[in-house]
Amino acid sequence: MTRYFLRKMVIYALTFVVAVTVDWAIPHLMPGNPVNTLMGRIQIQDPKVAHQVYTHYMRAFNLDLPLWKQYWYFWVSLFHGDLGTSILQFPTPVMSIITHAIPYTLALLIPAIALSWYAGNKFGALAARHMGLDNTVLPLGYALTATPYMWLGILLIWVLAVTWHVFPVGFAYDPTAVRGFDWPFISNLAYHWFLPFLSLFLVAFGGWAIGMRNMIIYELESDYAHYLGALGAPHRLIRKYAFRNAVLPQVTGLALALGAILGGALVTEIVFSYPGLGYQIYRAITNEDYFVIQGIFLFIIIGVLLANFVVDIVYLVVDPRTRIGMEGGRA
Amino acid sequence: MKRIWRGTVLGVALVAVAAAVFSTAASGGGKAPYANYPRSQTLITSGTQWGNIAGMNPYTGNYAAGMVGLVNETLLRFDPIKGKYIDWLAKSAGWSGKKYKIVVRSGVKWTNGKAFTGKDVAFNINLGRFKTAFWNNLWVNVKQIKVNGNTVLITFKGTPNYIQWQNLMWNLPMISPVQASAIKSAAQLTTYSPNVPIGTGPYTVAAGGFDPTTRVVYQKNNGWWAAKAHVSPSPKPKYIIDLVNTSNTNSLDAVLAGVEDLNNNYLPGVNQLVAQHKVSTYYPSKPYMLSANTAWLEPNTTRAPLNDPVFRRALAMSMNTGQVVSQDYAHLVRPASPTGLLPTWNKYIDKAAVKKYGFKYGPSAAKKLLQKHGYKLSGGWFQTKGGQAINLDLSVPQGWSDWETARNMIVNSAAQAGIKITVKVKDYNTWASDRNTGNFDLVIDNNYQLSDNPWTYWNGIYHLPVIKSGTGQTFANFERYSNATAWKLVQKLDHTAPNNTKQIRALNDKLQTILMQKLPLIPLWYNGVWAQFTSKYWTNWPSAKSSRRYVPAMWRGYLQMTGIDVITHLKQK
């Protein structure tokens, strides 16, 4: 067990270093210069002053240094917990942007992932046993899982917000709301949260339901299920075993799908003007805000690695074969 | 059975909670159950702020939209429709020979209760001593700033930059010395950002409402000097909320859902919304919008054959701008004059020169012109005089849909004149970087906004030297046009006293003649001051058919250009 975890830790550490290096390299290798974008907003009429201001910002962001030095300072700052200063929102620290955005993203992601996974698996298992459901509702799952998050988001806004006025068109809360830690404001947040959550939930739900439905059918047709049936075991017991076996690939799938769902959350936030990490990173990329790009991706990297680690542990719990195998036994 | 019941009860409970949450949140209007800025007393605007709000520093480009104008005011304002300056914090301001005299209006108070004085003016101008101040080039030419009570007299070391200085007077926001005395260095000038700026304007920042990702909230300043002195009506909105933009599509949704009162985004097809009476615009029919800047085809004048003025003329003649205006923009824009001078600068246009040197759409005439000057056709496409194939690349920032459509139309119309242009797709940053460093043949561009003087336009076109290394051109002359004579004329214009109208006229005439003869840029159309407003909560919006001829924009720099008058003339519905 200890060896297993040590090996995992080494893999995660290596993945972290490589991912963070790529995270640093990509914005720095992008064409263009973020200070130019900043200068474009200031609109200085005189070239001498423009040069002075340009030089000032290049120094302030260490962008006048050779790339290797910038990379070195990046790691030094990282170990000091300093993610730098936003270029576009100068002089706002990147950490402040991230801490402001993270609650919104987590509020979307955690319920969407957890509920879609749970409900999708339950529904898929149900559909596998009911022909009627399998032929009617499940095709909707195919449509949902093939739907781009962004498109579904736009559709929901158009129908439920612009046409029927049932939900708001976007933002995290009503533009006229006064923020406060009270029930009315929290309900306002929930009201604005619902549509982006729904679009994430629906797309992910379809995928899980289809996966589970296929796995259950496969398991129910396997030898052990037939053997149990021949022994006279009740259908409920067979289904229980089938579900436990079918859920394993779904757990692995959850780890693999985290990145895709996260990507979906990013575009969903943009569509709904929802001020989470996705919205921030979109703005940062379009404005070449190096430090915000790096900072947010760093959080995403850490988040995905942690989630994968949790899934690894969960796998040990739900699959006795893995656990026994690691303890030196044979399943 | 037990499990079904459990599931049903859980489902019902969830629905009940959701219903409670949403009914609480959704029962909106003026009776919203949550503490709110009452909608009927709140003006909601959007269309200026792209991305998070950087803060309250008026010297950086990403400060809270509306701050300059609503909170921090300027000495003068400029009315681009009438072409006149408006005395504002200054009772009067103008040239007295080579000196500039400002008389500060008495009775103006900062929101901390202190009087606004001549010393405050001097303090603000003197912030230009820092190299990161955008007016540093003007400040270094200042010899002395003498304050005597409410009078400020500025003398200069050499000939003043008359035009730039006058431009500064309506663009330099007055910030409170109480807060800004903390600025001790060039670096601090860029990091200065008070939570609640002290100002003299009709509004103050409501700090509790500020959310950098979503909005800035302004609250009415009941002690505003201009209302007290009857210089301006007192604005009716108790609050102004400017929302952060995410996309034009989202803005369109927000306008249609009644979330926003004034929107300053380009919304394709807004003419149809006007026809359906869902929104209003400054003009009730085409061109719908006032003009904000000139969109042009920018050739790289250092590359053959674009270094040949004859070829550029033929290219200009091949442009079917009428098609772009009618089909791409549905007449939301106007075709540009061959001078490119905005309609508000009509008085500067030399009509005789336009007649003599201007260009018109005519693909056949363009072909003839090229053939006359030695360009030969081969397989339907023109070759260089040396017999090499011509294939020019043309790019616009990816995703700028109106420009992408215009680009395709330009490619097709040039093809009719035998000029081969190929589309090159570039994201904004690549596009801007390539443009700055000269790595392009052709781009569509629009760099210089509406202002008080065409000098800003000429400065942008003819500015020298062209920087060929490093980041290249950062603010002007992206076409890399080298014409020392024109550049001298631009400098001379800046150094011409405003009462020397004869020389100003002559210089402007020469500059536009050079433009039309050499065509370093090919003016195409005038982009609009995109502005659509709804009357659900506020009425009395500006219109060309009323006495309220104001520029309806919250864009930075536009509140000083009568944008503030739009707000002070609104009526509650």
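None of the figures in this text is laboratory data; all of them are computed from the coordinates on show. Bear in mind that the values here come from a model prediction, so they are computed numbers and not experimental data. Heads up, the Cβs are rebuilt from the backbone with ideal geometry, glycines too, and the neighbour counts pull from every protein chain shown.
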Worksheet entry | Cα centre as origin, Lys/Arg/Asp/Glu Cβ charges: the range B:404-468 dipole, Debye | 240 debye
Item to complete: Give the relative contact order (percent, whole number) for chain A; include only Cα pairs under 8 Å separated by 6+ residues.
Response: 26 percent
Discussion item. At 7 Å along Cα-to-Cβ for each site, give me the label-to-label distance between residue A:82 and residue A:226 in nm.
Written reply: 6.9 nm
Worksheet, complete the sentence: Beyond 28 Å, the calculated P(r) of the range A:12-156 holds a percent of Cα-Cα pairs equal to 50 percent
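Across peptide A:87-97, how many C-beta atoms of other chains are within 10 Å of each residue C-beta, on average?
Average neighbour count from other chains, rounded to a whole number: 4.
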Worksheet item: Where Lys and Arg each count +1 and Asp and Glu each count -1, what net charge lies around residue B:255 among other residues with Cβ under 13 Å from its Cβ?
Response: -1
Response to the item:
When the charge dipole of the range B:325-384 is computed with +1 on Lys and Arg Cβ and -1 on Asp and Glu Cβ about the Cα centre, the Cα farthest towards its positive end, among B:332, B:384, B:345, belongs to B:384
Worksheet item: Average partner chain C-beta neighbours within 10 Å, per residue of A:262-273?
Response: 2
Discussion item. Let me check I've understood the local charge: for residue B:117, count other residues with C-beta under 12 angstrom from its C-beta, Lys and Arg +1, Asp and Glu -1. What total comes out?
Written reply: +3
Item to complete: May I ask for the angle, rounded to the nearest 10°, between helix A:47-60 and the longest principal axis of chain A, with both axes built from Cα atoms and the value confined to 0 to 90°?
Response: 50 degrees
Worksheet, complete the sentence: A correct Stokes-Einstein calculation for the range B:360-405, using the alpha-carbon Kirkwood radius, 10 °C and 1.306 mPa s, returns a whole-number D in µm² s⁻¹ of 125 µm²/s
Practice prompt. Multiply the residue separation of residue B:405 and residue B:360 by 0.36 nm, subtract the distance between their alpha-carbon atoms, and state the gained length in nm to one decimal.
Written response: 14.1 nm
Worksheet, complete the sentence: Calculated from DSSP helices alone, with each H run of at least 4 adding -39500 (n - 2.57) and the total divided by the residues of chain B, [θ]222 nm to the nearest 500 comes to -8500 deg cm²/dmol
Worksheet entry | Residue (of B:198, B:503, B:433) at the positive-pole extreme of chain B, dipole from beta-carbon charges | B:503
Worksheet item: Under unit Cβ charges (Lys, Arg +1; Asp, Glu -1), what dipole magnitude, rounded to 20 debye, does the range B:38-131 have relative to its Cα centre?
Response: 400 debye
Worksheet item: Simple spin-label model, 7 Å along Cα-to-Cβ: residue A:129 to residue B:506 in nm?
Response: 9.8 nm
Item to complete: Name the longest site-free stretch of chain A, where the excluded sites are chymotrypsin sites (Phe, Trp or Tyr not before Pro) in a DSSP loop with no more than 13 other beta-carbon atoms within 10 Å.
Response: A:1-163
Worksheet item: Using alpha carbon centroids, what distance separates the range A:177-243 and the range B:351-390, in Å?
Response: 68 Å
Item to complete: Using per-residue counts of other Cβ atoms within 10 Å, averaged over each peptide, order B:47-55, B:341-349, B:483-491 from highest down.
Response: B:47-55, B:341-349, B:483-491
Practice prompt. Give the distance, in whole Å, between the Cα centre of the range B:208-224 and the Cα centre of the range B:31-97.
Written response: 12 Å
Response to the item:
The base-10 log of I(q)/I(0) that the Debye equation returns for the protein assembly as shown at q = 0.09 Å⁻¹, one scatterer per C-alpha, is -1.03
Worksheet item: Mind listing P(r) for chain A? All alpha-carbon pairs, 10 Å bins, whole percents.
Response: 5, 20, 24, 23, 16, 7, 3, 1, 0, 0
Response to the item:
Largest fluctuation, A:84, A:32, A:259 only, Gaussian network model of chain A with Cα springs under 10 angstrom, belongs to A:32
Response to the item:
Rh (Kirkwood, all Cα-Cα pairs) for the range B:421-527, Å, reads 15.1 Å
Discussion item. Would you report the distance distribution of C-alpha pairs in chain B as whole percents per 20 angstrom bin, up to the bin with the largest distance?
Written reply: 19, 49, 26, 6, 1
Discussion item. Sequence gap at least 6, Cα distance under 8 Å: using those rules, report the relative contact order of the range B:400-500 to the nearest whole percent.
Written reply: 22 percent
Worksheet item: When a footprinting reagent is the concern and you count Cβ atoms within 10 Å, what order do B:77, B:480 take, fewest first?
Response: B:480, B:77
Fill in: Over the range A:105-208: Kirkwood hydrodynamic radius from C-alpha pairwise inverse distances, Å
15.0 Å
Fill in: Shielding by other protein chains, A:279-288, mean Cβ within 10 Å
4
Worksheet item: For the charge dipole of the range B:119-249, defined by +1 on Lys and Arg C-beta atoms and -1 on Asp and Glu C-beta atoms about the Cα centroid, which residue among B:219, B:156, B:233 has the Cα displaced farthest towards the positive pole?
Response: B:156
Item to complete: Assuming R0 = 60 Å, can you tell me the calculated FRET efficiency for the pair residue A:68 and residue B:112, based on Cβ-Cβ distance, to the nearest 0.05?
Response: 0.75
Response to the item:
Output row, site residue B:87, 7 Å Cα→C-beta label point, backbone N cut-off 13 Å, window the range B:106-133, residues B:106-107
Worksheet entry | Simple label model, 7 Å out from Cα along Cβ direction - residue A:5 to residue B:412, nm | 6.7 nm
Worksheet entry | the range B:162-299: mean projected area of Cα convex hull, nm² | 13.7 nm²
Discussion item. Can you give the local net charge around residue B:185? Use residues other than it whose beta-carbon is closer than 15 angstrom to its beta-carbon, Lys and Arg +1, Asp and Glu -1.
Written reply: +4
Worksheet item: How big is the equivalent ellipsoid of the range B:64-106 along its three axes, where each semi-axis is √(5λ) from the Cα gyration tensor, reported in whole Å from largest to smallest?
Response: 21, 14, 9
Worksheet entry | Rg [Å, one decimal], Dmax [Å, integer] - the range B:396-481, C-alpha atoms | 14.3, 40
